[in-house]
Every structure is written in C-alpha cells, then in structure tokens.
Amino acid sequence: MADDSMPLAEVFRRLIRTHGPISLAHYMAESNARYYAAKDPLGADGDFVTAPEISQMFGELIGLWLADLWIRAGREEPVHYVELGPGRGTLAKDALRTMKRYGLVPAVHFVEGSPALKKVQLEAVPHAHFHDDLTTVPMTGPVLVVGNEFLDALPVRQLVRAAEGWRERSVGLDGDKLVYVAGSVPMDAAVPAEWSGARQGAIIETSPASAAIVYEIAGRLAAQGGCALLIDYGHADMRGGSTLQAVARHRKVDPLAMPGAADLTAHVDFATLARVAASRGAQWMGTVTQGHWLRALGIETRAEALCVRAPHLRGEVLASRDRLIAGDQMGTLFKVMGLAAPGWPRGAGFDET
C-alpha cells in the first residue's frame, strides 16, 4: 500500500485526506499485514500467547484426532498436513510427533505470509513447504487442515444502523485522530431481514475473508478427502455488536490507536462458516467449546501421564491444562469446528455438550 518506513497511521491519514474514509475491513487488513510482516508476536516477550505455546498437550491431541480419522478413513496416501497461520510451528511439531507414532507421516504445508514467522517455523519443522494461500497446496490426496487462531485475524466488515439507514462502518479523521465514521453508501440490501428493524447504533459484523477460506477448505475436502479443525474464539450463532479488539504487550488497546503495531482480531461467526462449508458438500461435525473438545480427547488423562513422568513439573502441567479447558480462561470462549469429506468418519469430541 505504501512505504513500510512510514508509520501506518500516517499512511492512513494521507489516504483518508485524499480519498475519504476507508472501510474498517481495509483498515484491519492493512494493519495486520504490517503487524505480522515485521515481527514474531508470540510468547511472553511478544503481544499474546496461543494454546500451542501454553502446553504440548494441545498439539498432541490435535495430532491424535487427525491420525484417528485418517486411519479409520482407510490410510489413503499421499496425505497432506496443512496449517493456516502456524505461528512458531509449535502446534505442527507436537501434532506431527504424535501422528508419526500411528504411522501417519504427511507432507507438511504451511500457509504463511510473514517472513519473520517463516524463519521460526522452519526451525521447528524443517521440511515444511510454504504457500501464500491454499491454491498452491497439492490437489491430490486427502488434506488434514488445521487453523488455530487464524480466522480471528482476518478482516471483518461492519454495518452500522445510522439515522438514515444501514451504512458500512469506516475509519475517518477528526483532526489528526483516526475515528469511526458511517459510510455514505446505503447498505440496507446487505442486511439480513431479521436485522432490518434494528435500533440506531446497532452493528452487525461479517467476515467475507473467513467465509472465502472456509469455502476453499470445504471444496478441497469434498474433492480430495480429508478433515479440518478450525479453532478460535467466537460464537456459535450470529450476534450483534462490534467484537473488534487490539492487543499489544498482552494488554487490550484502542483498535485505532496504533495500526500496524497491535494485533487486531474479531470473534469468529462459526454458524455462518458452518453453512458455508455445507454449501460445498463438506460434512460439518459440529462446533463445540475448546474445553469440551479437549476433555473428550483425553487431556486430563494426558496431563496426569505427564505429571507421572515429571513429578517436579506437576504444578506447571496442571496449570496449563486448566488454562486450556477452564470456563473462565480459554475453555468456553474458544470454539472448535470440525469438518470432513463426505463419507469420512465422524471425529471424536463432537458429541452433544
């Protein structure tokens, strides 16, 4: 979009002064592109911590789930492990180690756009193949797709009910300050019927980028076989209100305060994504809480086994287990959606909660 040496806030100011307000989706896409290109944001020294960095159990249980399905589906090869936004490669490393114990040794494909993170990922998984998107992932053989905290960073589009009707929520200027404004183009035709009479100030949020990714994944599953796990914080039904947030140094900050220097995310609308997947003929197994899914996969038994192996780490192991499954931590807010090819077996963990 512009010279990376210029602060992104100034780039936006110049753009807005020249062309008028920009959509929130545009703002979020450019901000996260700059943010992820420049740094490794993960860990205690970064801006946030993800589940694979909390405990090896997370990746191990994902590997177990994938191996179980692949075995019950007939052990078809070639088979491809595809991870979207693989962070530091920690999840893949733990999952691949577990899969290998069951005879599953897939080709590894990372969909990653950050040069900084690619270097770290290669240290964890030296044989990984990199892709800018799913289009260059091989078209033959089943795909085992994992996306952990990937969809939440994709741009969202927000519609706001203004006095004169529905408008797209955009970013404009108040002096030099970036502020939210309502766009000038009527958007009433894009609003679901049940929201047409909403009060002034109401906001609805969609993510066409997330829908496009799930559309592609589901099409691959239907054509090639395989399964997918999409894990993120979000909700199982469409809700009103803005969920946009920004995090820097493990603290929430104003999403408009430091573009390109904070991680921008929004809650994932899993209900819409389930409908998108079904429209391509993929099997939707369900969407359950992360705590429920990890318990069903045996995280409590695995934690006890780790404690027996390393008694001096018992406190640390149990604390990490609780952080992943407790209702007041990641257990309830985070959801797990399972998809599979038609005819593939149903995966563990997606029974009724």
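The values are calculated or read from the model by the stated rules, or taken from the named source; none is laboratory data. Note that the structure is predicted; figures quoted are calculated from it, not measured. Glycine gets a Cβ as well: all are built from the backbone with ideal geometry, and neighbour counts include every protein chain shown. Surface areas here come from the heavy atoms of the whole protein model, side chains and all, with no ligands, DNA or RNA. Shrake-Rupley method; radii C 1.70, N 1.55, O 1.52, S 1.80 Å.
Charges were assigned to the Cβ only: +1 to each Lys and Arg, -1 to each Asp and Glu. The resulting dipole of region 195-347 about its Cα centre is roughly 180 debye.
To the nearest whole percent, what portion of all C-alpha pairs in region 109-184 is separated by more than 15 angstrom? In whole percent, the share of Cα-Cα pairs in region 109-184 beyond 15 Å is 72. Summing charges over all other residues whose Cβ lies under 12 Å from the Cβ of Leu173, with Lys and Arg as +1 and Asp and Glu as -1, gives +1. Pairs over the 24 Å Cα-Cα cut-off, from the set Lys177/Lys335; Lys177/Lys252; Lys100/Lys335; Lys118/Lys335: Lys177/Lys335; Lys100/Lys335; Lys118/Lys335. Restricting attention to the chain, close to 65% of DSSP beta bridges with both partner residues there are antiparallel. Against the main long axis of the alpha-carbon atoms of the chain, helix 299-309 sits at an angle near 60°. For region 87-213, the ratio of Cα radius of gyration to the globular rule of thumb 2.2 N^0.38 Å stands at 1.52. Principal-axis analysis of the Cα atoms of the chain puts helix 115-124 at an angle of about 10° to the longest axis. More than 30 Å apart: what percent of Cα pairs in the chain qualify? The proportion of pairs with Cα distances above 30 Å equals 39 percent.
Annotation: amide H of Leu173 within the under-5 Å range of Val179, sequence separation 5 or more or interchain, hydrogens built in the peptide plane. Across the alpha-carbon set of region 197-304, the Rg to Rh ratio works out to 1.04, Rh being the Kirkwood radius. Electrostatic tally near Ala190: other residues with Cβ closer than 10 Å to its Cβ, Lys and Arg +1, Asp and Glu -1, net -1.
The long axis of helix 90-101 is offset from the longest Cα principal axis of the chain by roughly 30 degrees. Relative contact order, whole percent, for the chain stands at 20, derived from Cα pairs under 8 Å and 6 or more residues apart. The residues of region 24-171 have, on average, 37 Å² of accessible surface per residue, using a 1.4 Å probe with all protein chains present. Each peptide in 222-235, 168-181, 328-341, 108-121 gets a packing score, the mean of other Cβ atoms within 10 Å over its residues, and the list from highest to lowest is 222-235, 328-341, 108-121, 168-181. Stokes-Einstein, applied to the Kirkwood radius of region 64-127 over Cα pairs at a viscosity of 1.567 mPa s and 4 °C, places its translational diffusion at 106 µm² s⁻¹. The residue list Val137, Pro155, Tyr180 was ranked by how far each Cα lies along the charge dipole of region 128-198 toward its positive end, using unit charges on Cβ atoms, and Tyr180 comes out on top. Across the accessible surface of the chain, with the other protein chains kept in place and a 1.4 Å probe, carbon and sulfur atoms take up 53 percent. Within region 228-288, all pairs of alpha-carbon atoms sorted by distance into 5 Å bins from zero give the percentages 4, 16, 22, 16, 14, 13, 9, 5, 0.
Normalised by the number of residues in region 196-343, the mean separation of alpha-carbon contacts (under 8 Å, six or more apart) gives a relative contact order of 34 percent.
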